[in-house]
1. What number of residues within the stretch 310-330 satisfy the criterion of being open to solvent by 50 Å² or more (accessible area, probe 1.4 Å) and either touching a Cys at 6+ places or on another chain (Cβ under 6 Å) or aromatic (Phe, Trp, Tyr) (or both)?
2. Filter the stretch 319-353 down to the residues that are touching a residue at least 12 places away in the same chain (Cβ under 8 Å) and part of a helix (DSSP H, G or I) and list them by number.
3. What are the residue pairs meeting all of these: first residue in the stretch 112-138, first residue open to solvent by 50 Å² or more (accessible area, probe 1.4 Å), second residue in a helix (DSSP H, G or I), Cβ atoms under 6 Å, and 6 or more apart or on different chains?
4. Which condition from (1) of a type outside the set (Lys, Arg); (2) modelled with pLDDT of 95 or more; (3) under 30 Å from residue 214 (Cα atoms) is the one that residue 137 breaks?
5. I need the full set of residues from the stretch 162-175 which are touching a residue at least 60 places away in the same chain (Cβ under 8 Å) and closer than 20 Å to residue 188 by Cβ, in order please.
6. Exactly one of (1) open to solvent by less than 60 Å² (accessible area, probe 1.4 Å); (2) in contact (Cβ under 8 Å) with a residue 60 or more places away in the chain is unmet by residue 222. Its number?
7. Condition test on residue 96, is it open to solvent by less than 80 Å² (accessible area, probe 1.4 Å), over 23 Å from residue 146 (Cβ atoms) and either at pLDDT below 95 or not aromatic (Phe, Trp, Tyr) (or both)?
Amino acid sequence: MPKHHRDHHNPGDPARPRHPGEQGRPAEPSAAGEPGASGERGKPRPARAPRPAGEARTSGERREARARHRLRSEVPSTVGLLADAQDFAAMRGYRSFTFEDHRDYLHQVEALLRSLAAQGIHTTVALFDPDDFADFCVDQGLDPDTPASRTRFTAELGGAGTAVPYTGQPIDELAPLLVDEAVRQATWEYATLLLAGLGACAECGEDIGQASFERAGLILERLLAQGGPGHHHIVCSIPTKDEQLVAVLHADTSAAPGTGPRIRGRDGLDLVTVLAAGIALGGPGGLVLRCSSPGAKDRVHGWRLAGGRLIPLSAAAVFNAYCTDADTGEPVAPEPGVDYCPGFEVDPPGPHH
């Protein structure tokens, strides 16, 4: 789905292979005499003669180099990553992309990321998608078979594409993380478009998407409030005509007065949007809540979607759902240290669903 990479040669060397979309660093200005620089009265400053081999730099030159190094540590970097072998193979069709083995490419990207981190440079890793790259080059009138075009595309990814910060993760963890993030983003976009296209209710004129989103938000509040203090893991799954929408939420709640739930990242938005899509469609779907707290067994509660309403499951139904292999239908042993509990009311029937 994505990709990107850099090696450690000189960024200015045209022969240096770059992985797709590597965002190159800005070239450092020369100490003096850079073309276009101005001297007294606007006259061009004469170029400095090359320093004889072995001659030490002046104190002024050392100060300038240190200043540039400090400034460079404040300039973030973006590295595009070709996370899977299929995308890597697609980029191999460009002559300027000179990497031959995907595994070796990943090792080189990992070495690059460590090098940037060692310099104190904040780096974002973005998913490099060859199809999106080709479309970008067509839109921008760029030759796709150049490192410069890959660099421009990667710069765009850093601001708008699927990306995660590099915090020292091994590449074998980072690549799946990027793919999961891309799937989550695509799921949210699909559910959002679905809600936006439903229009108004024929009976009351209410915007179906907006009303469903608001109801889903209230349901989430009730789930976390009635689940009690501790860590909560919620999974919502909604089948649609084109996609299986799945959203996952992690949150922590406290018994302290006036303390609201702490929800990880954008989990809340993702789950509410997917649940709202299930409510609005009025079809099947399901939601599971797992509650964990110190010194107690985990509790699992379940609900099913029917007719646009989230209906609690019985304890037996929750047990059967958890203790049945989804692929074979065969029973599986219950998980030790877990109580399978009935769902509770979080979506009371109203005058109009």
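The values are calculated or read from the model by the stated rules, or taken from the named source; none is laboratory data. From a predicted model like this one, the values you see are computed outputs, not experimental measurements. All Cβ positions, glycine included, derive from the backbone under ideal geometry; neighbour counts span all protein chains shown. Accessible surface areas use protein heavy atoms only, side chains included; no ligands, DNA or RNA. Shrake-Rupley method; radii C 1.70, N 1.55, O 1.52, S 1.80 Å.
1. 2
2. 319, 321, 322, listed by residue number.
3. none
4. Just one mismatch for residue 137, condition (3).
5. 162, 163
6. Failed condition: (1).
7. For residue 96, the condition - open to solvent by less than 80 Å² (accessible area, probe 1.4 Å), over 23 Å from residue 146 (Cβ atoms) and either at pLDDT below 95 or not aromatic (Phe, Trp, Tyr) (or both) - is not met.
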